[in-house]
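Please find one structure pasted underneath; my questions will follow.
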Amino acid sequence: LGLTTSQWRKTDDSLVRLADGSLLTVAEARAANPKWDITRSWSLPNVPVREGDESFASYLRRIGFDDESLSYANRAWINASGETGDRLSAAASLQVLWLKPTFSDPFYGSPVPSAGKGDYRISEGYNALHDALAEGLDIRLNTAARLVDWSNSPVRVTAVDGQVFTADRVLITLPLAVLKANKIQFTPALPEWKQAAIDRLQMAPAFKLVYKFAQLIMPRGITALYSAGEPPMWWTPHPHAESEQ
């Protein structure tokens, strides 16, 4: 799409407030504090997860994480997962954290990054990607569905304002909370196994705050701050533009 990106290196472009009150770059903190460093490398001992879906917090405690170490973990992988450590699966977390750097894929060729090669931000704003993907599509905003009738083909979707849409296939991407609240009626009802999965899945409350400051609040070149408080992560897409900070 011709969009430009900037890389978030998470080294000298990010700050972290350590438990002793010091404010260091991530690179400095990794060299000075092993408890912070391990939440960057995730070089954990090869200790198997207990049966019964042990929580990630319980697992980290069991392998030696103290309160300080766990607080750093909360600011890293746990926060990025949008959950609390006692509700994250240890087995699932380790499966992602210990992914091999590359994997073979017949479509993309071999090898390719397993979870992307680093973190990059779109300079033009993420909406530029959405706008490009939406080009030529018939997108209806403020059109909430209330009924999905998939008893016959084509599938019929009825909106709250009475509009009816038909299609060969319907892809449901509703938030879990909407599905759990039964805001949408399905005819026939969803299969029992699917409804059981919806009922069992949980979603923690999460929020994002966007601030616009009149002046810079972090040194130039600093992209992110791992805070000791809440929220645990502060970042800006424009670390060099004073007027846009």
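The values are calculated or read from the model by the stated rules, or taken from the named source; none is laboratory data. Note that the coordinates shown come from a computational prediction; the quantities given were computed from them, not determined experimentally. Using ideal geometry, Cβ is built from the backbone for each residue, glycine included, and neighbour counts are taken over all protein chains shown. What goes into the accessible areas is simple: the full protein's heavy atoms, side chains included, and nothing from ligands, DNA or RNA. Shrake-Rupley method; radii C 1.70, N 1.55, O 1.52, S 1.80 Å.
All but one of (1) under 30 Å from E28 (Cβ atoms); (2) in contact with a strand residue (DSSP E or B) (Cβ under 8 Å, 6 or more places away or on another chain) hold for K212; which doesn't?
Of (1) under 30 Å from E28 (Cβ atoms); (2) in contact with a strand residue (DSSP E or B) (Cβ under 8 Å, 6 or more places away or on another chain), only one is false for K212: (2).
Given the residues T143, T84, which is the only one that is modelled with pLDDT under 95 and either under 30 Å from D53 (Cα atoms) or part of a loop (DSSP other than H, G, I, E, B) (or both)?
T84
Something else now. So the check is Cβ under 9 Å with 6+ separation or different chains; which pairs have a first residue in region 16-29 that's at pLDDT 95 or above and a second one that's among the acidic types (D, E) and open to solvent by less than 40 Å² (accessible area, probe 1.4 Å)?
These pairs meet every condition: T25/D13; V26/D13.
Can you name the residue in region 118-134 that is over 12 Å from L1 (Cα atoms) and modelled with pLDDT of 90 or more and is also most open to solvent (accessible area, probe 1.4 Å) among such residues?
N127
Are any residues in region 25-51 more than 25 Å from the chain's Cα centre (by Cα) and open to solvent by 40 Å² or more (accessible area, probe 1.4 Å), and if so, which ones?
Matches in region 25-51: E28, A31, A32, P34, P45, N46, V47, P48, R50, E51.
Another one. For region 165-172, indicate whether the set of residues that are in a loop (DSSP other than H, G, I, E, B), without any contact (Cβ under 8 Å) to a residue 24 or more places away in the chain, out of contact with any Asp or Glu (no Cβ under 7 Å at 6 or more places or on another chain) and at positive phi is non-empty.
Within region 165-172 (the criterion being in a loop (DSSP other than H, G, I, E, B), without any contact (Cβ under 8 Å) to a residue 24 or more places away in the chain, out of contact with any Asp or Glu (no Cβ under 7 Å at 6 or more places or on another chain) and at positive phi), the answer is no, since none of the residues qualifies.
Among the numbered criteria (1) at pLDDT below 90; (2) under 28 Å from A224 (Cα atoms), which single criterion is violated by N74?
Unmet for N74, out of (1) at pLDDT below 90; (2) under 28 Å from A224 (Cα atoms): (1).
Let me ask something else about it. Filter region 30-45 for residues that are assigned to a loop (DSSP other than H, G, I, E, B) and modelled with pLDDT of 95 or more and give the result.
N33
Now for a separate question. Would you mention how many residues in region 5-23 are part of a loop (DSSP other than H, G, I, E, B) and either under 22 Å from the mean Cα position of the chain (by Cα) or among the aliphatic types (A, V, I, L, M) (or both)?
Count: 6.
Moving to a separate point now. If you go through region 175-188 one residue at a time, do you hit one that is farther than 29 Å from D20 by Cβ, part of a loop (DSSP other than H, G, I, E, B) and either of a type in the set (D, E) or open to solvent by 100 Å² or more (accessible area, probe 1.4 Å) (or both)?
The answer is yes; a qualifying residue exists.
In region 1-24, what residues are open to solvent by 70 Å² or more (accessible area, probe 1.4 Å), under 20 Å from G221 (Cα atoms) and among the hydrophobic types (A, V, I, L, M, F, W, C)?
L23
Something else now. What is the residue count in region 53-95 for residues that are open to solvent by less than 30 Å² (accessible area, probe 1.4 Å) and among the β-branched types (V, I, T)?
Summing the residues that are open to solvent by less than 30 Å² (accessible area, probe 1.4 Å) and among the β-branched types (V, I, T) in region 53-95 gives 1.
Sticking with this one: Is it fair to say L137 is over 30 Å from E28 (Cα atoms), of a type in the set (A, V, I, L, M) and open to solvent by 50 Å² or more (accessible area, probe 1.4 Å)?
Criteria met by L137.
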